[in-house]
Structure formats: C-alpha cells, structure tokens
Amino acid sequence: MTSNGEPDKARSSERPSPAPQRVSATEAMRSAARQLTELLGKAPESVSSLKPTEQGWEAEVEVVELERIPETTSVMASYRVVLDPEGLLLAYERGRRYSRSQIDRDDR
C-alpha cells in the first residue's frame, strides 16, 4: 500500500521469475572446459564425463598439470566441475592426479 491507501502497483505486478533454462549437454561440456581454462590457465585435454543434476550439470574434466618428455610421463589431473542449469560454474575441485600413461584397472 502507498501512503494514500492505494495498492502498490510495482509489487502487485511483480511475477516470479521463470526457472532457468537448462543448456544442452554439448553446451554444458563446452562451458565447463572454457570456464576451467579461465580459472587454471590451462586448457583441458578432455571432458571424461558429464551428467545432469538437480543443481544443473556435473562434469569430470582432464587437465595436463605438468608437461613432461616423453608425453606419457606428463602429470594429469581430473577436476570435478559443477555448473548451474545455464552452464555457469558454481564450484570445482581437483580429484586425482596421475601420469598420462596410467590406466584404470578393475579389481576383479
């Protein structure tokens, strides 16, 4: 209400903002790589996983942390990147570090 007893038009015309539009998986992947590059100053080698979440998207991004010769001895790192539905970075954290030549093995 205004001081003269009339309804406040600015408040009565406000509508809740629509839910954010979720970007495509392709755009989320590009966005994760681009924004991580800006933060780390190193371009990612690959995005090894991407999945939709309630927050938006979660990706695993592989980055060369330390280049060595031969390349098979370079040190890699896997980063978990969390994006909102529109593809903006919310959080990231480095997971494991490993040599480029290391392969995952199942304990069977």
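What follows is calculated from the coordinates using simple rules that are stated; it is not laboratory data. For clarity, every value in this text was computed on a predicted model and none was experimentally measured. Virtual Cβ from ideal backbone geometry, glycine too; neighbours counted across all protein chains shown.
For a protection proxy built on the mean count of beta-carbon atoms within 10 angstrom, sort 52-58, 21-27, 78-84 highest first, please.
78-84, 52-58, 21-27
How long are the semi-axes of the ellipsoid equivalent to the range 19-99, from square roots of 5 times the Cα gyration tensor eigenvalues, in whole Å, largest first?
Equivalent-ellipsoid dimensions as semi-axes: 26, 10, 10 Å.
Output wanted: per-residue J couplings in Hz (rounded whole) for the range 46-52, from phi through Karplus 6.51 cos²θ - 1.76 cosθ + 1.60, θ = phi - 60°, x for Gly and Pro.
6, 9, 8, 7, 8, 8, x
Spelling out what I want: for every residue of the range 66-74, take phi, set θ = phi - 60°, compute 6.51 cos²θ - 1.76 cosθ + 1.60 (Karplus), and round to whole Hz; glycine and proline get x.
9, 7, 9, 10, x, 4, 5, 9, 4
Check Glu65: other-chain or 5+ apart residues with amide H under 5 Å from its amide H, H built from backbone geometry?
Hits under the 5 Å cutoff: Val75, Met76, Ala77.
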